[in-house]
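**Q** Input: one structure, supplied below.
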Amino acid sequence: MKITAFNGSPRRKSGNTNVMVTAFLEGAEAAGAEVENIFLADKEINHCKACYHCLSSGGKCSIDDDMGDLMSKFVASDIVVLATPLYVFNVSGMMKVFMDRSICIGSPGYEKGEDGEYQSRPSKHFKNGIPPKFIVIASATRPDRSNFQALSLLMKKAAKGWLTDLAAEIYATEGELLTAGVKELEPIINGYKELLHKAGREIVKDMKFSDETQKLLEQNFIPADIYVQRFNAKIDMFLAGSQNK
């Protein structure tokens with residue numbers, strides 16, 4: 001099994017999102033999967049020009065940048081992880097551009113699906129004609145899980161558009177704690193990393209999380225009111241320091 005993570009965090013390895021991706025991929029690798037973590041911030045990815053050159057060129061984009069190589073990895077994967085910090089309740093800008101450009105490996109035209117809605121026709125670019133399953137991993141500084149609603153809807157629609165399944169969704173509220181380095185919280189954060197490791201193993205074995213794992217992944221690290229107090233104090237201290245310069 002090949003699992004490729006396309007990491008849309010501009011902070012790359014130091015980001016909260018990458019803490020999640022790394023632990024998940026380590027678990028998947030331990031279970032026998034071949035894994036790769038690609039930082040979109042390290043790649044040249046230009047905006048789609050809507051020229052539709054890809055439709056008449058067998059999927060080759062008119063833009064000469066890194067997307068060709070990235071799409072080769074995309075189509076060769078059994079699972080694609082779309083990882084992003086939460087920006088304005090949705091994906092980061094670079095992740096959105098990446099998703100927009102993936103149209104080049106899609107299929108033109110529509111056909112009616114089993115649910116009565118029109119959907120894309122099957123693409124010929126995937127091995128055995130089967131697109132990879134999707135997994136979304138995202139972190140947010142906010143403490144409420146409702147902040148991921150728009151992102152979740154987008155990913156469900158994206159998976160449906162690719163005629164594939166959204167195999168799993170992993171959303172971390174209070175994401176700043178993942179890299180805060182607070183000693184008293186180390187047992188909690190390390191426990192969460194171990195949980196992500198377990199989730200990676202479960203995906204390779206069963207292509208889904210156990211009910212227990214899913215439930216634990218949906219918990220906050222600390223009570224929301226305490227988190228907000230800590231977060232606001234940190235922000236206020238930063239602002240005060242900036243004003244004194």
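**Q** In the stretch 27-40, how many are touching a strand residue (DSSP E or B) at 6+ places or on another chain (Cβ under 8 Å) and not in a strand (DSSP E or B)?
**A** 4
**Q** Something else now. Determine the pairs where a residue that is farther than 19 Å from MET155 by Cα, located within the stretch 109-136, has a partner that is surrounded by 11 or more Cβ atoms within 10 Å (Cβ to Cβ) and charged (D, E, K, R) with Cβ atoms under 8 Å apart, the partner being 6 or more residues away or on another chain.
**A** The qualifying pairs are GLY109/ARG121; TYR110/ARG121; GLU111/ARG121.
**Q** Further, regarding this structure: Can you tell me which residue in the stretch 218-245 is farthest from LEU166 (Cα to Cα), limited to those that are in contact (Cβ under 8 Å) with a residue 40 or more places away in the chain and outside any helix (DSSP H, G or I)?
**A** ILE222
**Q** Oh, and also: Within the stretch 10-28, track down each residue that is aliphatic (A, V, I, L, M) and under 13 Å from the mean Cα position of the chain (by Cα).
**A** Matches in the stretch 10-28: VAL19, MET20, VAL21, LEU25.
**Q** How many of the residues making up the stretch 38-73 are touching a His at 6+ places or on another chain (Cβ under 6 Å) and not hydroxyl-bearing (Ser, Thr, Tyr)?
**A** The total comes to 1.
**Q** Hey, among LEU55, LEU82, which residue is of a type outside the set (Lys, Arg), touching a residue at least 24 places away in the same chain (Cβ under 8 Å) and surrounded by fewer than 20 Cβ atoms within 10 Å (Cβ to Cβ)?
**A** Just one listed residue meets the conditions, LEU55.
**Q** With respect to GLY32, determine if the residue is out of contact with any Gly (no Cβ under 9 Å at 6 or more places or on another chain), at positive phi and of a type outside the set (Phe, Trp, Tyr).
**A** yes
**Q** Please state which of the following conditions ALA140 fails to meet, knowing it meets all the rest: (1) within 30 Å of ILE235 (Cβ to Cβ); (2) out of contact with any Gly (no Cβ under 9 Å at 6 or more places or on another chain); (3) surrounded by 21 or more Cβ atoms within 10 Å (Cβ to Cβ); (4) free of Cβ contacts under 8 Å to residues at least 60 places away in the same chain.
**A** Every listed condition holds for ALA140 apart from (2).
**Q** I'm trying to understand the selection: among the residues of the stretch 97-109, which are at pLDDT 90 or above and either surrounded by fewer than 15 Cβ atoms within 10 Å (Cβ to Cβ) or in contact with an Asp or Glu (Cβ under 8 Å, 6 or more places away or on another chain) (or both)?
**A** Passing the criteria: only ASP100.
**Q** Another question, if that's okay. Suppose we keep only residues that are in a helix (DSSP H, G or I) and not charged (D, E, K, R) within the stretch 198-217. Which one would you say is nearest to ALA180 (Cα to Cα)?
**A** Going through the qualifying residues, I end up with LEU217.
**Q** Also, I was wondering about something else. Checking LYS215 against (1) touching a residue at least 60 places away in the same chain (Cβ under 8 Å); (2) farther than 18 Å from ALA83 by Cβ, only one condition comes out false. Which one?
**A** So LYS215 meets the others, but not (1).
**Q** Go through the stretch 180-202 residue by residue and tally those that are modelled with pLDDT of 95 or more and β-branched (Val, Ile, Thr).
**A** Within the stretch 180-202, residues that are modelled with pLDDT of 95 or more and β-branched (Val, Ile, Thr) number 2.
The values are calculated or read from the model by the stated rules, or taken from the named source; none is laboratory data. The model shown is predicted, which means the values in this text are computed figures rather than measured ones. Cβ: placed from backbone, ideal geometry, glycine included. Neighbour counts: every protein chain shown.
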